[in-house]
């Protein structure tokens, strides 16, 4: 890459990866880190994008969409993950739904909110115990490859996948000292 090449942002890469894999539905719970991605999704007529009131509601919507023939993804932050283990264990995993779950990671790297930190510590063990494929993405140069290949695998194997987007990738939430 030379100095005149403009590198795509992380959210542009996620949007392009979703589009290239025909993921048309994106349901989210509002999150500051995901704001640029959410704005870009709303601006692109390819996507049906809307907010849910709770994370498990978003999981249910994406599950229903898959059963109706549409691929979907969910966007949430770490603390929201704490509400979805039952939906994963009782609906998504046994029904073989390739739910694509994107989590903006909080609870690490200077986090002040104890609730975020507690869910961050339990999120990966919960996903592991449910057999849900998980990728923590920290590097911009790996983002497109990991998302693209993981979506293809999720659809082929009819299994969910979770992408944990590290603050090292997204810049995270800015905290005042």
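Each reported figure results from applying straightforward, stated rules to the coordinates on display, with no laboratory input. Given the structure is predicted, the values throughout are model-derived calculations rather than measurements.
Note the direction-averaged projected area, equal to a quarter of the hull surface, for the Cα convex hull of segment 94-177, in nm². Don't skip to the end; give the middle numbers.
Working: hull surface 23.4 nm².
It is 5.8 nm².
Calculated [222 nm] ellipticity per residue, helices only, for the chain: -12500 deg cm²/dmol; basis is -39500 (n - 2.57) per DSSP H run with n ≥ 4, divided by all residues, nearest 500. For the chain, a Gaussian network of Cα nodes joined below 10 Å ranks 160, 98, 125 by mean-square fluctuation, and the top entry is 125.
Can you give me the orientation-averaged projected area of the convex hull built on the Cα atoms of the chain, in nm²? Walk me through the intermediate numbers first.
Details: hull surface 42.5 nm².
The orientation-averaged projected area of the Cα hull of the chain comes to 10.6 nm².
Could you grab the relative contact order for the chain? Cα pairs under 8 Å, six or more apart, rounded to a whole percent.
Numbers: 301 pairs, mean separation 41.0, N = 177.
Averaging sequence separation for qualifying contacts and normalising by length gives 23 percent for the chain.
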